[in-house]
Amino acid sequence: MKIQSIRGVKDILPGEIEKWQWVEKIARNVFHRYGFKEIRPTIFEKTQLFSRSIGEATDIVEKEMYTFADRSGEQITLRPEGTASVVRAYIEHKMYNPPSVVKVYYLGPMFRYERPQAGRFRQFYQIGIEAMGTDNPVIDVEVMTLLVEFFRQLGLTDLELQINSLGCSDCRPQYREVLKTAIRGHLNELCENCNRRYERNPLRVLDCKVERDRQIAGELPKTCDHLCETCRTNFTQVQALLDSTETPYSLNPLLVRGLDYYSRTTFEVLSTNLGAQNAICGGGRYDSLVEEFDGPPTPCFGFALGMERLISVIPFETVTYSRSRPDIFIVSLGEEAKSQSFRMTHQLRKGGVTVDQDYDGGSMKSQMRKANKSSSRFALIVGENEIRTEKYLMKDMESGSQIEIPAENFVPAVKKRLAEPDDSSSV
Ligand code: HAM
């Protein structure tokens, strides 16, 4: 019986995974430098957590969640994003005690039942950051500059940071009404989706992807022209701080994001090298979400980036990321050599050397072919002759040069050679 993977998901295989590990390593490195610590929230949650935080009238909650009843009848959802879980964990574990700004990051799979296409999957990976406990615009800019620094270290250049402000609970309701009135006059020209959204979520009309709707959206009232005094000052500060770090960005008044919890600053990073799914990263401020789940007032700012999209735009041909390759491939010929090389493999690995070996007992030629295929740096040849003379041959797979390794104390001798440049000594 042949069973294939589910539509819209993909396995990450050896050969590809090294790229992911490299990106994750740089992410951890940069995030730690900015004072963020890892958090690993659970992958499934009570459905209500997502429907209440992301918003009942969003695409995610309306049609994309993987929701099921578990054996006790509880409604469970595979997380479609990480922010809600981090907020739940923050409250559950009273991470607000003692009061301080909590800075966390997470990486892992998310699940959305979307129509699969290039750059859009049903299981995809996010790296996300949440800074919880301050509404100081310094944190908005610290997080955005962290992201820019992360992208710089990945060798990425063709990216665009777009920002907007969505206002707060004081000014947004008024803006919503102004927007609805303006949309009303265009309802017969707008797509079916926008007509449906107009009552419950009129802001989403602004980021509809339908070409005709985009033109109309461009002429609708803009959030940034309807901010209250506090939000306007806040947005000006964010821009001044970004300017002071010389971070390039552009204002996009149509940037409203697809999740309901945002207020004030929102942002996205777009790649000019991706097609329709060009958002690598999105985030912003969410100042009332913690309170909505009965936590203390905790303004927050965060983002999440899509790993598949990120990996697809990194110029891997110009960066050196470590491909996993063995240091040594042991080639052994004859029964005695086989059992000896088995022990040697064990000792070398214990000594910190990465070793691979042949399991099929083929000829010298076929084992050397396997050594080549494993892209091992060296072959360690253990044949009858080598056992008799108590000297093994360590061959540089690239240059072909070889040295003798004394059987007695071979681990330090092998390690010494490994520490030398690839092509130095020859016999
Ligand atoms: P989001 O915009 O829904 O935000 O997702 C963030 C990123 O995840 C997107 O920019 C995209 O790169 C990637 N992504 C989303 N859906 C898919 C998919 N189906 N296939 C591949 N990649 C995808 C959030 O999730 C918020 N929680 C971000 C946030 C954190 N805001 C504040 N804190």
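The alpha-carbon of Lys103 sits under 21 angstrom from the alpha-carbons of these lysines, leaving out residues fewer than 8 places away in its chain: Lys25, Lys37, Lys94.
Applying 1/(1 + (r/R0)^6) with R0 = 30 Å to the Cβ-Cβ distance of Asp207 and Gln21, what FRET efficiency is obtained, to the nearest 0.05? Before the final figure, lay out the partial values.
On the way: r = 34 Å, r/R0 = 1.13.
Here the calculated transfer efficiency is 0.35.
Net charge around Phe31, counting only other residues with Cβ within less than 9 Å of its Cβ (Lys, Arg = +1; Asp, Glu = -1)? Display every interim value, and only then the final one.
Working: positive: Arg28, Arg33, Lys37, Lys103; negative: Glu38.
Summing Lys and Arg as +1 and Asp and Glu as -1 gives +3.
Below 19 Å, Cα to Cα, which lysines can Lys338 reach? Residues fewer than 8 away in the same chain don't count. By straight Cα distance, Lys338 reaches Lys350, Lys365, Lys370, Lys391, Lys395. Sequentially through region 267-276, phi angles give Karplus couplings (6.51, -1.76, 1.60; θ = phi - 60°) of 8, 9, 10, 10, 10, 7, 9, 10, x, 5 Hz, Gly and Pro residues having no value and appearing as x. What chymotrypsin sites (Phe, Trp or Tyr not before Pro) in region 286-395 are in a loop by DSSP, with at most 12 other Cβ atoms within 10 Å of the Cβ? Filter output for region 286-395: Tyr359. Averaging the sequence gap over all C-alpha pairs within less than 8 Å and six or more residues apart, then dividing by the number of residues, gives region 216-338 a relative contact order of 15 percent.
What's the FRET efficiency of Asn273 with Glu38 using the Cβ-Cβ distance as r and R₀ = 25 Å, to the nearest 0.05? Please list the in-between numbers first.
On the way: r = 29 Å, r/R0 = 1.17.
Once the sixth-power term is evaluated, E becomes 0.30.
At the residue level, Asp225 shows approximately 110 square angstrom of accessible surface with a 1.4 angstrom probe and all protein chains present.
Computed from phi, the 3J(HN,Hα) profile of region 376-389 under the Karplus parametrisation 6.51, -1.76, 1.60 (θ = phi - 60°) reads 4, 6, 10, 10, 10, 9, 10, x, 4, 4, 5, 5, 5, 7 Hz, with x in place of Gly and Pro. Backbone amide hydrogens, once placed in the peptide plane, bring Tyr286 within less than 5 Å of Ser263, Cys300, Phe301, Gly302, excluding anything fewer than 5 places away on its chain.
When cysteine pairs in the chain are screened for C-beta atoms closer than 4.7 angstrom, the residues that find no partner are Cys168, Cys191, Cys194, Cys208, Cys224, Cys231, Cys281, Cys300.
Compute the longest continuous run of the chain that contains no exposed GluC sites (Glu not before Pro); treat a site as exposed when its DSSP state is not H, G, I, E or B and it has at most 12 other Cβ atoms within 10 Å. Mind showing how you got there, number by number?
Working: sites that count: Glu16, Glu56, Glu74, Glu189, Glu246, Glu317, Glu390, Glu398, Glu408.
Free of exposed loop sites, the longest segment is 75-188.
Count Lys and Arg as plus one, Asp and Glu as minus one, and take only other residues whose Cβ is under 12 Å from that of Leu147; the net charge is then -3. Amide H to amide H distances under 5 Å link Lys10 with Gln123, where only residues 5 or more positions off or on other chains count and H is placed in the peptide plane.
In the chain, which whole DSSP H runs stretch at least 15 Å along their own axis (Cα) and average 0.5 or higher on the Kyte-Doolittle scale? Intermediate values should be presented prior to the final figure.
Details: long enough: 17-33 (24 Å, -0.81); 137-153 (24 Å, 0.92); 172-184 (18 Å, -1.05); 229-244 (22 Å, -0.38); 335-350 (23 Å, -1.62).
Helices meeting the criterion: 137-153.
With an 8 Å Cα cut-off and a minimum separation of 6 or more residues, compute the relative contact order for region 107-232 in percent. Could you put the intermediate results ahead of the total?
Working: 94 pairs, mean separation 26.1, N = 126.
21 percent.
Distant-in-sequence amide contacts of Gly108, defined by a placed amide H-H separation under 5 Å and a gap of 5 or more residues or a different chain, comprise Gln126. Across the chain, Cα pairs under 8 Å and at least six residues apart give a relative contact order of 14 percent.
What FRET efficiency would be calculated for the residue pair Leu49, Ser312, taking the C-beta separation as r and a Förster radius of 30 Å, to the nearest 0.05?
0.50
If the segment from Arg325 to Thr236 were pulled out straight at 0.36 nm per residue, it would be longer than the present Cα-Cα gap by 27.0 nm. Near Met65, once Lys and Arg are set to +1 and Asp and Glu to -1 for all other residues with Cβ below 13 Å from its Cβ, the sum equals -1.
For a distance above 35 Å, tell me the whole-number percent of Cα pairs in the chain that qualify.
Working: 40271 of 90951 pairs.
Percent of Cα pairs beyond 35 Å in the chain: 44.
Within the same chain, aspartates and glutamates fewer than 8 places from Lys19 are excluded, and of the rest, those with a Cα less than 12 Å from its Cα are Glu308, Glu317.
The values are calculated or read from the model by the stated rules, or taken from the named source; none is laboratory data. Please read all numbers here as calculations on a predicted model, not as lab measurements. FYI the Cβ positions are ideal-geometry reconstructions off the backbone, even for glycines, and counts take in every protein chain you see. Accessible surface is based on the protein model in full, side chains and every heavy atom, while ligands, DNA and RNA are left aside. Shrake-Rupley method; radii C 1.70, N 1.55, O 1.52, S 1.80 Å.
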